[in-house]
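S.K.: Quick one: the structure is below, and I'll ask about it shortly.
The values are calculated or read from the model by the stated rules, or taken from the named source; none is laboratory data. From a predicted model like this one, the values you see are computed outputs, not experimental measurements. Every residue, glycine among them, receives a Cβ derived from its backbone with ideal geometry; neighbour counts consider all protein chains shown. Calculation scope for accessible area: heavy atoms of the full protein, side chains included, ligands and nucleic acids excluded. Shrake-Rupley method; radii C 1.70, N 1.55, O 1.52, S 1.80 Å.
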Amino acid sequence: MSNDSTCSNSVMSLSVGKLELPYWLAIWLLIGVVWFLVAVAWMPTNKLYQQGLVALLWLPALLTVFVRPAFCIELVRANKFLMLTFAGLFVWSSISLLIAEPSLFFKELKRQLYVGLFLLGVAAFVRHNERLAYQTLIFAALLLALAAFVSVVGFYVLQGYSLRLRLQGIGQLSHPILGGYVIGLVAAWLACGRVSLWVRLLTLVVLLVFMLLTQSRGVWLAFLAVCILMPLWRSSRRGWLPLVLLVLVGVPLVFVFIDVVLARGFSYRPEIWIKSLDLISLAPVWGVGFAADYHIIGEGGKVFDHSHNLLLHVAIMSGIPAVLMWLTIWGGVAWQGWQHRKTPLGSLLCASVVFSSVACLFDAASLWGTPRPEWFLTWLPLGIALGLKTQVRAQ
């Protein structure tokens, strides 16, 4: 009897071991995730950022398939709904590309494979250690807060630019809108994270100043939405702090720059969206292919590079069915966040969903592009959701 029990325990330990990552691979993925989160600001060029991702995140994610195939199978089983929908979006976008730009099919297909490896890497890391994944996001938020401080001092003090100019941060935060969204997202993490009061107070002030100096009103609305809806998933006596800080820091700055804010009006958004609908009507099923370049010509001949709305952008690129599949995926991510709202990482996922949902209404027009700040708003929440679901199934 004891021999049978020993044999059974050995078999169980062996099967459980196949569902766990080796220590060296987990550390490699940790470094890769930190690189994705932090190097977006601290690397001077996009080329270095991309090369680091290949070596530190894509490669260990690919090795996971060969080193722990059972782990990857379990990831798919635990997330059948999300994985099937993602596969549908992957295939549909590929077909639309093949129809619209057949000569670019094999060249551009690597973009989608990059996304798949990214999702696998993030999900594997979250599945390996949920608590460590949460701590990694908070650690990255603190380093990005430091990058925000360096950006403000460097741009306005060392370079001597006027406060009325839109802030351009360091590294990939140089774009006022996209850089503002990255900083706004990590501010949302810290707003609902379990961080000491004084650390949270100091970092949020720095992050809010960065957000406001970018003069990107979509960032303000996205963070405001997080502050208002946070009590739905996180009850805390200090839950009011981010909203109060937003008012104390934001109102004086908005008052100072009120003429700049009003001068830009709606930044052509209604006109761009209407013109985008016209483009969608030309190819509503397959779109123009995600590798194509399109331009929206507004009144007076002003040219815009994209639709300034993620859903409209996906519809233009890959058709309306692709939008429906993306909305289904995003609904699944939101559901995972809600189910895990009482956990630290689940709370951050809820904040990510709210912030990203609002942000993508006004900007973030990229889905299958190479790794860039928009991935913080789209693929990163999906990777976290996949890992959380697998973690629960394993427990």
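S.K.: So which of SER347, SER281, SER307 is over 30 Å from ARG131 (Cα atoms) and touching a His at 6+ places or on another chain (Cβ under 9 Å)?
M.R.: SER307
S.K.: Here is a follow-up. So which residues in the range 133-150 are open to solvent by less than 40 Å² (accessible area, probe 1.4 Å) and of a type in the set (Phe, Trp, Tyr)?
M.R.: Within the range 133-150, just TYR134 meets the criteria.
S.K.: Of the residues LEU208, LEU204, which is under 26 Å from HIS308 (Cα atoms) and of a type outside the set (Asp, Glu)?
M.R.: Working: LEU204 fails: under 26 Å from HIS308 (Cα atoms).
Exactly one of LEU208, LEU204 is under 26 Å from HIS308 (Cα atoms) and of a type outside the set (Asp, Glu), namely LEU208.
S.K.: Can you name the condition, by its number, that SER162 falls short on among (1) assigned to a helix (DSSP H, G or I); (2) open to solvent by 60 Å² or more (accessible area, probe 1.4 Å)?
M.R.: With (1) assigned to a helix (DSSP H, G or I); (2) open to solvent by 60 Å² or more (accessible area, probe 1.4 Å) applied to SER162, the lone miss is (1).
S.K.: Taking the conditions exactly as written (open to solvent by 40 Å² or more (accessible area, probe 1.4 Å) and either out of contact with any Leu (no Cβ under 7 Å at 6 or more places or on another chain) or of a type in the set (A, V, I, L, M) (or both)), does PHE86 satisfy them or not?
M.R.: no
S.K.: Next question, about the same structure. Looking only at the range 267-290, which residues are part of a loop (DSSP other than H, G, I, E, B) and within 27 Å of VAL219 (Cα to Cα)?
M.R.: SER267, TYR268, PHE290 - these are the residues of the range 267-290 that are part of a loop (DSSP other than H, G, I, E, B) and within 27 Å of VAL219 (Cα to Cα).
S.K.: I would also like to ask the following. How about the range 333-363: which of its residues are open to solvent by 10 Å² or more (accessible area, probe 1.4 Å) and farther than 14 Å from PHE376 by Cα?
M.R.: Result: ALA334, TRP335, GLN336, TRP338, GLN339, HIS340, ARG341, LYS342, THR343, PRO344, LEU361, PHE362.
S.K.: Could I ask something else about it? Listed residues VAL65, VAL91, VAL76, VAL40; which is among the hydrophobic types (A, V, I, L, M, F, W, C) and within 19 Å of the chain's Cα centre (by Cα)?
M.R.: VAL40 is the lone residue from the list that is among the hydrophobic types (A, V, I, L, M, F, W, C) and within 19 Å of the chain's Cα centre (by Cα).
S.K.: Here's something else I'd like to know. Does the range 323-333 include one or more residues that are at positive phi and at pLDDT 85 or above?
M.R.: The answer is no; no qualifying residue exists.
S.K.: Next question, about the same structure. Name, by its number, the condition in (1) touching a Lys or Arg at 6+ places or on another chain (Cβ under 7 Å); (2) within 18 Å of ALA141 (Cα to Cα) that does not hold for GLN215.
M.R.: Checking GLN215 against (1) touching a Lys or Arg at 6+ places or on another chain (Cβ under 7 Å); (2) within 18 Å of ALA141 (Cα to Cα), the one that fails is (2).
S.K.: Also, I was wondering about something else. Given the condition more than 27 Å from GLY331 (Cα to Cα), out of contact with any Leu (no Cβ under 8 Å at 6 or more places or on another chain) and surrounded by fewer than 20 Cβ atoms within 10 Å (Cβ to Cβ), answer yes or no: does some residue in the range 65-77 qualify?
M.R.: Looking through the range 65-77, at least one residue is more than 27 Å from GLY331 (Cα to Cα), out of contact with any Leu (no Cβ under 8 Å at 6 or more places or on another chain) and surrounded by fewer than 20 Cβ atoms within 10 Å (Cβ to Cβ).
S.K.: Now a separate question. If you check VAL153, VAL182, which single one turns out to be part of a helix (DSSP H, G or I) and open to solvent by 10 Å² or more (accessible area, probe 1.4 Å)?
M.R.: Just a single option satisfies the conditions, and that option is VAL153.
S.K.: On the basis of being touching a residue at least 12 places away in the same chain (Cβ under 8 Å) and open to solvent by less than 10 Å² (accessible area, probe 1.4 Å), does TRP220 make the cut?
M.R.: When the stated conditions are applied, TRP220 does not pass them.
S.K.: Just give me the residues in the range 21-73 being among the charged types (D, E, K, R) and out of contact with any Lys or Arg (no Cβ under 8 Å at 6 or more places or on another chain), in sequence order.
M.R.: Once the filter is applied, which keeps residues that are among the charged types (D, E, K, R) and out of contact with any Lys or Arg (no Cβ under 8 Å at 6 or more places or on another chain), the range 21-73 yields only LYS47.
S.K.: Residue check, ASN309 against (1) under 21 Å from THR214 (Cα atoms); (2) open to solvent by less than 10 Å² (accessible area, probe 1.4 Å), all met but one. Which one?
M.R.: Against the list (1) under 21 Å from THR214 (Cα atoms); (2) open to solvent by less than 10 Å² (accessible area, probe 1.4 Å), ASN309 comes up short only on (2).
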